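Visitor: Just passing along the structure, written as structure tokens.
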Amino acid sequence: MAKINCHELIDLLSKADTVEAIHSACSSLCDQFGFDRFQYGARIPTSFVKPYFIFISSYQKEWRARYLAERYMSIDPAVSHCATHLTPISWEQMAPQEKDNPLIRRFMGEAREFGLNSGVSFPVHSPQGESAMLSLASNQADNRTKSQIQTAMPFIHLFTAHLHESVRKVFEQQVLPLKRVSLTEREQQCLLWTAEGKTTWETSQILRVSERTIVFHLQNASQKLNVVNRQQAVARAVSLGLITPQLG
């Protein structure tokens, strides 16, 4: 099958309306840049304690099952990097951690047994508080894939952002109902001052309205967010990116 160019890959993603179409676009990306497998994973903060995870992958199912069973996400250095950085990481950069940490050494050794010998991982952090990662893997050793990784990085970084938007579009009706919550400006203000530790009376003085009005807006926000008190409303609103620190 002939390779498609980068612009066509982005176009494929923009038109994708099923998981299968997204999978096909990611497989085409691997073909374009000489990788063997891919895995996309996203953490959707539907709650603080039980977020929703989405995975679209061409990794071997035996490795995916082992990864989940052994809870390797908690020690995977690529996951740790992408959770706290905006820049991609080549897997050869993880060598020092593998050398120093026996758990990571075991994890990466087992990954190589499944043909995941080298690769690169790209992070995504959305304004809605979601985090995601696209990993592309090769059967080849690091020193044979450096050039292809360097060539691929700029475009794949862009592709990853489009990929996440496509995933959100496909999954929105199924697992992202709270993403459609809309808070009024006054509800946001009340939650922000609550997050600052202000009482109902203090918030009423700051916003120059009655205490009853503050209670009304906080109750409305809690109902929209499907929680029972203002503390939970603040936590849910922050996790969903509905309220954020003010810039000035």
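Visitor: Under a point-charge model restricted to the Cβ atoms of Lys and Arg (+1) and Asp and Glu (-1), what is the dipole moment magnitude of the chain relative to its Cα centre, in debye to the nearest 20?
Guide: It works out to roughly 520 debye.
Visitor: Would you kindly state how much longer the chain becomes between Ser182 and Ser80 on full extension, computed as 0.36 nm times their sequence separation minus their alpha carbon distance, in nm to one decimal?
Guide: Working it through step by step, the gained length comes to 33.6 nm.
Visitor: Under a crude label model (7 Å from the Cα following the beta-carbon direction), how far is His23 from Thr213 in nanometres?
Guide: Result for the modelled spin labels: 5.4 nm.
Visitor: For the stretch 149-167 and the stretch 114-134, write down the distance between their C-alpha centroids in whole Å.
Guide: So the separation of the two Cα centres works out to 10 Å.
Visitor: Test of understanding: what is the full-extension gain from Glu110 to Ala69, defined as 0.36 nm times their sequence separation minus their Cα-Cα distance?
Guide: Answer, rounded to one decimal: 13.4 nm.
Visitor: I would also like to ask the following. Obtain the nm distance between the two label points defined at Ser14 and Thr244 by a simple spin-label model: each point lies 7 Å from its Cα along the Cα-to-C-beta direction.
Guide: 2.4 nm
Visitor: I'd like to compare 81-88, 6-13, 17-24: which one has the highest average count of other Cβ atoms within 10 Å, and what's the full order after that?
Guide: 6-13, 81-88, 17-24
Visitor: For the chain, what is the calculated [θ] at 222 nm in deg cm²/dmol (nearest 500), taking -39500 (n - 2.57) for each run of four or more DSSP H residues and dividing by its residue count?
Guide: My calculation for the chain gives -17500 deg cm²/dmol from helical runs alone.
Visitor: Let me ask something else about it. Against the longest principal axis of the chain, how steep is helix 142-175, in degrees 0 to 90 to the nearest 10, with axes from Cα atoms?
Guide: 40 degrees
Visitor: Translational diffusion coefficient, Stokes-Einstein: compute it for the chain using the Kirkwood radius over C-alpha pairs as Rh, at 10 °C and 1.306 mPa s, and state it as an integer in µm² s⁻¹.
Guide: In µm²/s, the coefficient rounds to 79.
Every read-out reported here was derived from the displayed coordinates using simple, explicitly stated rules and does not represent laboratory data. The model shown is predicted, which means the values in this text are computed figures rather than measured ones. For neighbour counting, all protein chains shown are included, and Cβ atoms are generated from backbone atoms with ideal geometry for every residue, glycine included.
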